[in-house]
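See structure below.
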Amino acid sequence: MSRQSNRTTESKKMNSELFTLTYGALVTQLCKDYENDEEVNKQLDKMGYNIGVRLIEDFLARSSVGRCHDFRETADVIAKVAFKMYLGITPSVTNWSPAGDEFSLILESNPLVDFVELPDNHSNLVYSNLLCGVLRGALEMVQMAVDVRFAQDMLRGDNVTEIRMKFIKRIEENLPAGDE
Amino acid sequence: MTVHNLYIFDRNGACLHYSEWNRKKQAGISKEEEFKLMYGMLFSIRSFVSKMSPLDIRYKLHYYETPTGVKVVMNTDLGVPNCRDILHQIYSTLYVEYIVKNPLCPLGESLRSELFNSRLDSFIKALPFFSARAG
C-alpha cells in the first residue's frame, strides 16, 4: 500500500520548458513526415483526440467535478479547472452565441508556443491544434459532441489566441451489442 | 430530499400500483413499457444474486458511475457501510492510474493488467470490513 499512496492523484510538477520543447519536437517531426500543413493539422487533432479520451478520466479522478448541467457550466469547468490543472493558465470565456451553444476561450498566453515562430512556408499550420483534439475527445467521453477550432492565433499575428467551441449534440449512451 | 415515485409489483411482474410525486422527468415511453423496464431490472438483479449467494438473498449492491460512463459495482453483505468513497478510489487510484494512463492497455476491452489485478486485490483485502468468511 505504501507505493500506492505515493502514486496518488496529486499533480506532479514538470519543467514547462521541457514540455514546450517536447511539443515543438513533435510538431516539427510531423511537418517532416507529412507533405502539407493541413495534413499536419489533422494528425495533431487526431493525437489530441486520443489524449483527450484518456485525459478526461484523469481529470474526473483528480477534480471533484461531477456532471455539468449546461454548456455554460462546461465552459467554466474547462477554463477554470481543466486548463489550470494541465496548462497552468486560465483562459477567459467570452463571445457566447445568443443560443448559448457556442463560446470562445481567450488565451492570453499559450505555454505551447513559448519559443515558437512560424516560418513563412508554414502559413497554414495550426501549431497548437492538438488542444482542439484534446477538448473534442474529452467532451465526447462525457456525451457531448463539439466542434473545436482556432479562430485566432498569436502565432499568426493576432492579438490573442482564441479557441472557438460549438456544441453539436448530446451523445446518447449506447447499449451493449445485442440489446435493442 | 424528496420522493420521486413508487411501484408495487405482484409475483408475476404485473404492476399493481404506481404513483409519483416529485418526478422531474418523464421516461418518454409508455408507463407499461417503463414498468416492464423496472421489473426487468429487478428480475435480473434477483436472479443474479441468487446465483451468487444461494443461502441468503440479502446483500448490498454498491454502484458508482463516472460522467464518462465507467460503472463500478461491488456486492457486499449488509453490515458494510456506504462505499461511495471506496468505489471512487478504485476508479481514481487504480483504474485511472494503471489502465487509463498505461498506453499499452486498450480502452473498452477487458482489462488484462497484472499490476491492476494485484493492486485491486490488495486494496480490497485491506478494507476494514473485509473478511474472508461471509457473515
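Some notes on this structure:
- Total accessible area lost when A and B pair, probe 1.4 Å, Å² to nearest 100: 1900 Å²
- The stretch B:3-126 - percent relative contact order, Cα under 8 Å, separation 6 or more: 12 percent
- For the residues of B:104-112, the average number of beta carbons from a partner chain within 10 Å of their own beta carbon is 1.
- Relative to its Kirkwood radius, the Cα radius of gyration of chain B gives an Rg/Rh of 1.03.
- When a 1.4 Å probe is rolled over the protein heavy atoms, the share of accessible surface on the stretch B:3-126 that falls to carbon and sulfur comes to 58 percent.
- Surface analysis of the stretch B:3-126 yields an accessible area of 68 Å² per residue, using protein heavy atoms and a 1.4 Å probe.
- Computed about the Cα centre, the dipole magnitude for the protein assembly as shown is approximately 1540 debye when only Lys and Arg (+1) and Asp and Glu (-1) carry charge, each at its Cβ.
- Electrostatic dipole magnitude of chain A [Cβ: Lys, Arg +1; Asp, Glu -1; Cα centre; debye, to 20]: 720 debye
- Across the accessible surface of the stretch A:65-167, with the other protein chains kept in place and a 1.4 Å probe, carbon and sulfur atoms take up 49 percent.
- The residues of chain A expose on average 58 square angstrom of accessible surface per residue, using a 1.4 Å probe on protein heavy atoms.
- Going from the chain on its own to the full set of protein chains, the stretch A:123-163 has these residues losing 10 Å² or more of accessible surface (heavy atoms, 1.4 Å probe, no ligands, DNA or RNA): A:M141, A:V142, A:Q143.
- Contact order normalised by residue count of the stretch A:69-169, Cα under 8 Å, 6+ apart, percent: 25 percent
- Paramagnetic reach from A:T94 in the stretch A:101-122 [backbone N under 17 Å; point 7 Å along Cα→Cβ]: A:102-110
- Over chain A, relative contact order from alpha-carbon pairs under 8 Å, at least 6 apart, %: 25 percent
- Mean per-residue shielding of peptide A:54-64 is 5, counting Cβ atoms of other chains within 10 Å of each Cβ.
The values are calculated or read from the model by the stated rules, or taken from the named source; none is laboratory data. This is a predicted model, so every value here is computed, not measured. Reconstructed Cβ throughout: ideal geometry from the backbone, glycine too, with neighbour counts over all protein chains shown. Accessible surface areas use protein heavy atoms only, side chains included; no ligands, DNA or RNA. Shrake-Rupley method; radii C 1.70, N 1.55, O 1.52, S 1.80 Å.
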